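Colleague: One structure, pasted below without further comment.
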Amino acid sequence: MGPLHGIKIIEMAGLAPGPFAAMMLADMGAQVLCIERPVPPGQAPAKPAANILFRNRRSIALDLKKPEAVDTLRQLLDGADALIEGFRPGVMERLGLGPDTCLARNPRLVYGRMTGWGQDGPMAQAAGHDANYIALAGALHPLGTADAPPPLPLNLIGDFGGGGMYLAFGIVCALLEARQSGKGQVVDAAMVDGTASLTTYLHANRAKGRWRDARGQNVLDGAAPWYHVYETADGQYVTVAAAEPQFYAELIRRLGLEGEDLPAQHDRAGWPRLQARFAELFRSRTRAEWCEAMEGSDACFAPVLSLSEAPEHPHLKARGTFVTVDGVVQPAPAPRFSRTPADEPKAWVPPGADDAAALADWGLGAPELQRLQAAGAFGAA
């Protein structure tokens, strides 16, 4: 059932980082109920299983402009261990669902708040997205080559790495503390804070004089020929990351360069010549041929696989890194636990599918459902 079995969480439906945090907690066995906004039934998703970020949980639709819906949500929060919300600062307070109100009713509640800029500061009320947060936090500048703008790393660093994962971590930390103190608290998870935290290693290297504050001049940003991405003969790509001397020696051996007059591994002046030689060699064979020659060795090699290719790789198939749920391929829950493993993921159950059962799980019976429906505060989304 997962290590978080027995934990009950209310999630206010939102965009990527909040649902990702809720997915992580639900994957680990927490019982998560997502609160959606009502929309016309014709706009309901045709394939709920494709909403992977919402897997492992039910949803109900509440119109929080209606006092009856707000009252119902307060009742649900009375029985919750944690809340996840990702609105701009002040929105939940204006709904009468701010942390002071909710903690007064349920003192053990962990109130998780997901924003880009944080709950306070001069930019707290500004709009933004992943690219803005990672830019301000210093995580975007080091990416890419010296002769081009830094490339956007999808929304993996801000939304999911610095956002959703830190919110999930913060909620679990606060839940553990609440078991000792009996008191809940607010978790202020800002993507700028989490993203800055992800750059800790780079700041450490900079403090030691091992990091140049410019793109394309450091080991980890592609300047080192032995930590780089190379094109193959068929227009595909492979990676090498042979940083340690013994791994570098294995890379040289498998490239057939033993005995050739090459610059030393850490001779920065010789890196351009060494990189050009490596590039020439990697372009001489296809990706599949290089996989045959190097994969699984200590040369620290891996092919660059697409989203559709990765689930088919033999290593990932052997580990069950990806699973298929209702015909939709998706990453399996992570990490893994020896004694309390996570269940196989279940497809999202959208509002309207089993509202009565969803409310009953939280101690609210048919009369509450009827009251909401009579007030027009409840509906499919």
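Colleague: Between the DSSP loop rule and a limit of at most 16 other Cβ atoms within 10 Å, which GluC sites (Glu not before Pro) in segment 305-374 are left?
Modeller: Working: sites: Glu309, Glu312, Glu368; in loops: Glu309.
Sites meeting the loop and neighbour criteria: Glu309.
Colleague: Restricting to the chain, compute how many DSSP beta bridges are antiparallel as a %, nearest 5. Kindly include the intermediate steps, with their values, before the conclusion.
Modeller: Values: 13 of 36 bridges.
Taking every DSSP beta bridge within the chain, about 35 percent pair in antiparallel fashion.
Colleague: Right, something else. What do you get for the angle between helix 165-181 and the principal long axis of the chain? Use alpha-carbon atoms, 0 to 90 degrees, nearest ten.
Modeller: Result, in degrees: 50.
Colleague: Leaving out same-chain residues fewer than 8 places away, which lysines sit with a Cα under 29 Å from that of Lys8?
Modeller: Candidates past the 8-residue exclusion: Lys47, Lys65, Lys66, Lys183, Lys346.
Colleague: Next question, about the same structure. Please determine, in degrees from 0 to 90 and to the nearest 10, the orientation of helix 271-282 with respect to the longest principal axis defined by the Cα atoms of the chain, where the helix direction is its Cα long axis.
Modeller: For helix 271-282, the angle is close to 80 degrees.
Colleague: Here's something else I'd like to know. Looking at the chain, which longest stretch skips every one of the trypsin sites (Lys or Arg not before Pro) that is in a DSSP loop with at most 12 other Cβ atoms within 10 Å, leaving the sites themselves out?
Modeller: Numbers: sites that count: Lys65, Lys208, Arg210, Arg336, Arg339.
That would be 66-207.
Colleague: Hey, another quick one. Whole-Hz ³J(HN,Hα) for each residue in segment 258-269, computed from phi via Karplus 6.51 cos²θ - 1.76 cosθ + 1.60 with θ = phi - 60°, x for glycine and proline: what do you get?
Modeller: So the J values, rounded to whole Hz, are 4, x, 7, 6, 10, x, 5, 3, 9, 7, 4, 4.
Colleague: A further question on this structure: In whole angstrom, note down how far apart the Cα centers of segment 1-76 and segment 124-145 are.
Modeller: So the separation of the two Cα centres works out to 28 Å.
Colleague: Step through the residues of segment 330-339 one at a time and calculate ³J(HN,Hα) from phi using the Karplus curve (6.51 cos²θ - 1.76 cosθ + 1.60, θ = phi - 60°), rounding each to whole Hz and writing x for Gly and Pro.
Modeller: Listing the rounded values in order: 7, x, 6, x, 9, x, 10, 10, 6, 9 Hz.
Colleague: Something else now. So if each residue of separation counts as 0.36 nm, and I subtract the Cα-Cα distance between Arg206 and Val229, what length gain in nm does that give?
Modeller: Numbers: separation 23, 0.36 × 23 = 8.28 nm, distance 2.36 nm.
Result for the pair: 5.9 nm of gain on full extension.
Bear in mind that the values in this text are calculations on the coordinates, not laboratory data. Keep in mind the model is a prediction, meaning the values are calculated, not measured. Heads up, the Cβs are rebuilt from the backbone with ideal geometry, glycines too, and the neighbour counts pull from every protein chain shown.
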